Every structure is written in structure tokens, then in C-alpha cells.
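Worksheet: the structure to be examined is printed underneath.
A short reminder: the numbers here are calculations on the coordinates, not readings from a lab. Please read all numbers here as calculations on a predicted model, not as lab measurements. As a convention, Cβ positions derive from the backbone with ideal geometry for all residues, glycine included, and neighbour counts pool all protein chains shown.
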Amino acid sequence: MKESTAVKSYQGFLEKKSQTDNNYGFDPVFMPDILFAFQRDIVTWACKKGRSAVFADCGLGKTFIQLAWAENVARHTGGRVLILTPLSVSFQTVNEGSRIGVEVVHRRDGIQSSDKIVVTNYERLHHFNEDDFTGVVCDESSILKNFDGATKEAITYFMRKRPYRLLCTATAAPNDFIELGTSSEALGDMGYMDMLSRFFKNAQNSLHPSVYRNRGTAFYLAENTAKFRFRGHAEKDFWRWVCSWARAIRKPSDMGYDDGSFILPRLINNMHVVKSNKLMDGFLFDLPAVGLAEQRADLRRSINERCEMAAKLANSHDSPVVVWCNLNEESKLLSKLIPDSVEVTGNNTEEEKEESFKGFSSGSIRVMVTKTSIAGFGLNWQHCAHQTFFPSHSFEQYYQGTRRCWRFGQKKDVIIDLITTEGQSAVMKNLQRKSDQAASMFSNLVDMMWNELKIKKTNEYTKKEEIPSWL
């Protein structure tokens, strides 16, 4: 009996509602020989998906992956691809393109007719017309988690009708389900509000996708406002949905390959506790700072002592050093105390920042003094194996800062000198807690994602049938 038109229509309706059957791509037509096997697998998968996300740890070749993907899209469609990067990373993307045989041009104020693959900074997106591109790549796409930001809205609007889209980041926090939702929305899949309502239970029947934090297995969007947890049936379905549009990897062995040269040298954290010569008013000795106000006051009282320690460590040898700071006063003082340093601040023009970063990468500049908000994303500084850090509550700043040097291609043990005070003990405990939590949760994300992709063949029908005697 032939299927009725109504049945066929209903089956088509169900297929359109499916969140796992979402391939929009094609078989790759270009694959650079320089890529590792796991990188080729990711490029092949991303091309077939057409719209996808790659959550790969720092140093696993996301730039190569996105460039190979962009070249495939350009060849397949005959159109252009735009690659969006953090500030001052564009020049590095152009250099990486020449290594794998992909021609990339850096534009600041629009395209030229001969352009095929264009790279620019997020801040200059308004100079480009989305109709000029068939594909878009967002490098360090964790910027999309700025829910109310104009940048996130502009990027999502720019991407929403592009046939081919790729998101790449190393810091998609596994407990940051809002970020996963905004990434999915940018790719044209399920929106983050739909994601929350489908997979999570809100015990207080209120929904506000703003600042929140993780406590065990429940997710709090704000103190005493909303608590989210997986619905009883939804956790497996959630990870199955995520792995339908994303791949997460910390090392090649996560995909069944040998880690080989991706096994990194040691990361050595040295703690230096300095004492401020100026005590808090009315106190005879330092006490741990309680609350943000006291912690900030403690940092400002100890600027001279902390900067002097950082300068002493940087001046004690002639190897390259990155000196990370948080305050403008720290940056100015450090540049004076370290004679052969170059200071990069937010007041520098884009061209000045790029020239300084190029100089440090080439070795003509020995010491780089800057903030993680300026140079903490995307830059490759494997030639440097020494950093000084003024720790803060931000684990992302610490992680991204150290990963500029501690990544694939680093041949030496990387030394991180953490300079703090006795008053900052609560900050250090919080940073350690976040570090442990991030390592555990990203490990769980990778395990759950790749477990969902494994095909388990079982045969439950092993009993021999019994034929009735009357047959």
C-alpha cells in the first residue's frame, strides 16, 4: 500500500524539526598536506556540516582548520569567506595561510574585487557587507557570550543568512550553557532560550539569561533568582544535540590518534608573595582582604612592590618575557623598571599594536608589557617560555595568557611567576577552584561528546525461537 500524502507530509514535518539531521555542506575539495590526521578529520566534518563549531584547545591548529575550511568554501561556491579575529591577530592569520597554501588578505575598510578569503578584526565588521560573503569564520568565538553586547548582535546578524558558518574557540566553558546556546543560535540551530526550555528545568519558573555560576550539578543564573538543572530525561539528548553541530578536543588522543608532539613540556607556576610597605589605615599588619573593595585597595597599595618583583624577575635573564598586568599604573611603572621592554596599551592604534606584537614574535623585542584583554587571545608566542602574572579572579585571563606560550611548538618548560600579596589569598583560592572546575568540566564535555558519537552494536535477540508443535 502506498503511503498517503498526509503521512509523507507529516514525516517531512518531523524531519524539519529534527536537531541532529542538519548537514548543509559538501565533501571537501582541498586538503593541505601539512595538516595532522585529526585536523583533516575536523576539516572534513566541518565542510560536510556547513555550519559548525570547533572547541579545540590552544595549540591544536584552529587557524589551520579554519583556513582550510574557508578555502574549501571559496572553491566550492566560487564566493568569498570572511574570517573575524580578535584585535591584532589578523596578521598572524595571513602568515599561517601562506604556510598551507591559502591566499588570505587583511582588510580594514572593506573588500576589493579580487579578494577571496578576507581577514579582519571584530571591531571593523561594520565596514563589510554580509551579502559579499558566502561563508563566515568567527575565531575565538567566545565573544558571542556577551549577551547584551552590540558586538554579539552585529555578529549574529551578519552571520544569520550566510550559507556556511564556522565558530572556533578554545574556551567554550562546559558549564556555560548560555554560551553553547548563543553559539548554536549563530549557526542557525536552536536558540539559547529554546535550549534552556527544552533541556533544563527552572525550579523557580523564571528565566533571565544573565550572569550565573555553577554549583555542583545545578546552574544558578543569579543569587536567589533562577536555578537550572537537566530535566530527568534530557542530559543524554542535550550532549547528542551539542555534538550534532560541535566538536570538542583537548588533545589528538580524544579522537583516537597518538598525541605525539602535542605532549607539552611542563608548566611551572612559581608563587611570589610580596608585602606592601603601606599598611591599611589603623592596622599593624596585613590581613586577607575581604570583598572586592578591600582586594582592589590592597592591589593599589602594593603596586610598587609587585611591579618591582616582576621587573626583578624579568631583568634577571636575557630570554623573552611576557609581563601581564591589570592596571594602567602597573603598565607604566613596569615599562620604566624594565629597560628593554615595550608597553602595549589600549591607547595604541591597531597598527602600533600589530607592529609591537610582530616585533616580539620575531625576537627584536625581548619583553612585552601588556594586558590579557589586549593580547590574551589568538597570538602564538612559543618562542617565549617565561611570564609574570598579577592574578585576578578571572580564570579565562590566566588560562589564555599562559596559553600564548604553553602550546604546540613550545620546546622548553614554561615558567609562570605569579606575584601576589598576603591580602589576595582569597583571590588565589578562587582562581585555583575555577582552574580545577574548568579542567574537570571540559574533560566531561569531551568524554560525553565523543561517547555519543560511538556506534554501539548489540544484538539482544540471541535466543533460538520455539516452533509450536501444531505447526
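For region 408-415, the Karplus equation 6.51 cos²θ - 1.76 cosθ + 1.60, evaluated at θ = phi - 60°, returns couplings of 3, x, 6, 9, 10, 5, 9, 9 Hz by residue, with Gly and Pro reported as x.
Taking 29 Å as the limit for the C-alpha separation, the pairs Lys116/Lys411; Lys116/Lys152; Lys353/Lys412 exceed it in the case of Lys116/Lys411. Sorting the segments 415-424, 186-195, 63-72, 340-349 by their residues' average number of neighbouring beta-carbon atoms within 10 angstrom, most packed first, yields 63-72, 415-424, 186-195, 340-349.
Taking other C-beta atoms within 10 Å as the exposure proxy, Ser184, Ser361, Ser316 rank Ser316, Ser361, Ser184 from fewest upward. Separation of the alpha carbons by more than 19 angstrom is noted, of Lys275/Lys312; Lys336/Lys371; Lys62/Lys161; Lys332/Lys371; Lys312/Lys429; Lys49/Lys161, for Lys62/Lys161; Lys312/Lys429. Oblate is the label for region 264-444, because the ratio a/c of its alpha-carbon gyration tensor axes (a ≥ b ≥ c) is 1.5 or higher and a/b is not greater than b/c. Scanning residues 5 or more positions from Ala248 or on other chains, those with amide H under 5 Å from its amide H are Phe55, with H placed 1.01 Å from N in the peptide plane.
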